[in-house]
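Contents: one structure, followed by commentary.
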Amino acid sequence: MTQVDGIISLGQWLETPPGRYLLAWEQAQLDRGVADVFGFHALQLGLPQLDALRDNRMPHRWLAIDQPTLAVESPGSDEVPIMTPSPAAPRARVVLQCDFDALPFDSQSLDLVVLPHALELTRDPHLALREVERVLMPEGKVLILGFNPNSLWGVRQRFGRLRRQMGFGARDGLFLPGESEFIGYRRLRDWLRLLSFEVEAGQFGCYAPALRSERWLTRFAWAERVGERWWPVFGSVYMVLAVKRVRGMRLVGLARQHRQAVKAAAPVVSHRQGSARRAKAPDR
């Protein structure tokens, strides 16, 4: 279950120049990140403004949302309402509504799960991430997008919150959407490690300053290549790709003792054969 205010503000913010700048970078990273992930079942959690699975070749792909973004048309009072996809929903995929901390999938049934800013908007990110671990198959992959609090955008967001607490700023003083605390990159890696995930790749982006004008964002286009080289961990957004690892079994208890007993019986047989040969030697 996610915070309704955070979702509404995020959708509105993505229509602004910095929001479109963010979507362009994230869509490019997702297209490269999911292209070579193979399997049968893939799921995207939240943010229908992004088509996270459009370059993925899995036959079954779902988009899960926790708030209704579908338009309802009622032809008549006695007829069942017809659900039509909203313009924000990606094309050619099944859209379902559910809580992110209680996914309607069997355990170990999905090969890929993409979370574009889903953990930041959920009320319990630990529970949501544990639910993702439950539905993923062994060696399944999870791809997470999130805002980086240790960036120029993160500093601007903290400064706006400080102004609001002191009574000097209004709601529009916040640069980034939502009131939730953003999850840092290293903090997320620790959570994944506790759930037996192995991080395969990480990427930062959107190094431009916190500007609201499209013209000024265009002028700072050079910051992408410079920031990626000289201060890579200070990008305003990050992407993490992790793999679910399942450890192998070890024989313990009675099964292990039985294996040791079988190995110990072999030298006894060879000793008896050697004794029999030595007993026949004097007859010659």
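Comparison of Gly173, Gly227, Gly178 shows that the only residue that is more than 29 Å from Leu129 (Cα to Cα), at pLDDT below 80 and open to solvent by less than 50 Å² (accessible area, probe 1.4 Å) is Gly173.
On the basis of being over 25 Å from Ile65 (Cα atoms), in contact (Cβ under 8 Å) with a residue 60 or more places away in the chain and surrounded by 20 or more Cβ atoms within 10 Å (Cβ to Cβ), does Ala118 make the cut? No. The combined condition, being at pLDDT 85 or above, open to solvent by less than 10 Å² (accessible area, probe 1.4 Å) and touching a helix residue (DSSP H, G or I) at 6+ places or on another chain (Cβ under 9 Å), is not fulfilled by Leu211. One residue stands out in the range 98-109 among those that are open to solvent by less than 20 Å² (accessible area, probe 1.4 Å) and within 27 Å of Asn148 (Cβ to Cβ): the one that is farthest from the chain's Cα centre (by Cα), namely Leu103. Answer with yes or no whether Arg212 is out of contact with any Lys or Arg (no Cβ under 9 Å at 6 or more places or on another chain) and closer than 22 Å to Arg32 by Cβ. Against the criterion (out of contact with any Lys or Arg (no Cβ under 9 Å at 6 or more places or on another chain) and closer than 22 Å to Arg32 by Cβ), Arg212 does not qualify. Scanning the range 178-221 for residues that are farther than 13 Å from Met239 by Cβ and charged (D, E, K, R) yields Glu179, Glu181, Arg186, Arg187, Asp190, Arg193, Glu198, Arg212, Glu214, Arg215, Arg219.
For the range 241-258, the criterion of being open to solvent by less than 60 Å² (accessible area, probe 1.4 Å) and modelled with pLDDT under 85 is met by at least one residue. Looking across the range 184-198, the residues that are of a type in the set (A, V, I, L, M, F, W, C) and either part of a helix (DSSP H, G or I) or open to solvent by 40 Å² or more (accessible area, probe 1.4 Å) (or both) come down to Leu188, Trp191, Leu192, Leu194. Apart from one condition, Leu43 fits all of (1) farther than 21 Å from Leu119 by Cβ; (2) touching a Phe, Trp or Tyr at 6+ places or on another chain (Cβ under 8 Å); the exception is (1).
Determine, yes or no, whether Leu43 is open to solvent by less than 10 Å² (accessible area, probe 1.4 Å) and assigned to a loop (DSSP other than H, G, I, E, B).
no
Among the residues of the range 116-134, at least one is in contact with a strand residue (DSSP E or B) (Cβ under 8 Å, 6 or more places away or on another chain) and polar (S, T, N, Q).
The values are calculated or read from the model by the stated rules, or taken from the named source; none is laboratory data. These figures come from a predicted structure and were not determined experimentally. When we count neighbours, we look across all protein chains shown, and the Cβ atoms used for this are built from the backbone with ideal geometry, even at glycine. Calculation scope for accessible area: heavy atoms of the full protein, side chains included, ligands and nucleic acids excluded. Shrake-Rupley method; radii C 1.70, N 1.55, O 1.52, S 1.80 Å.
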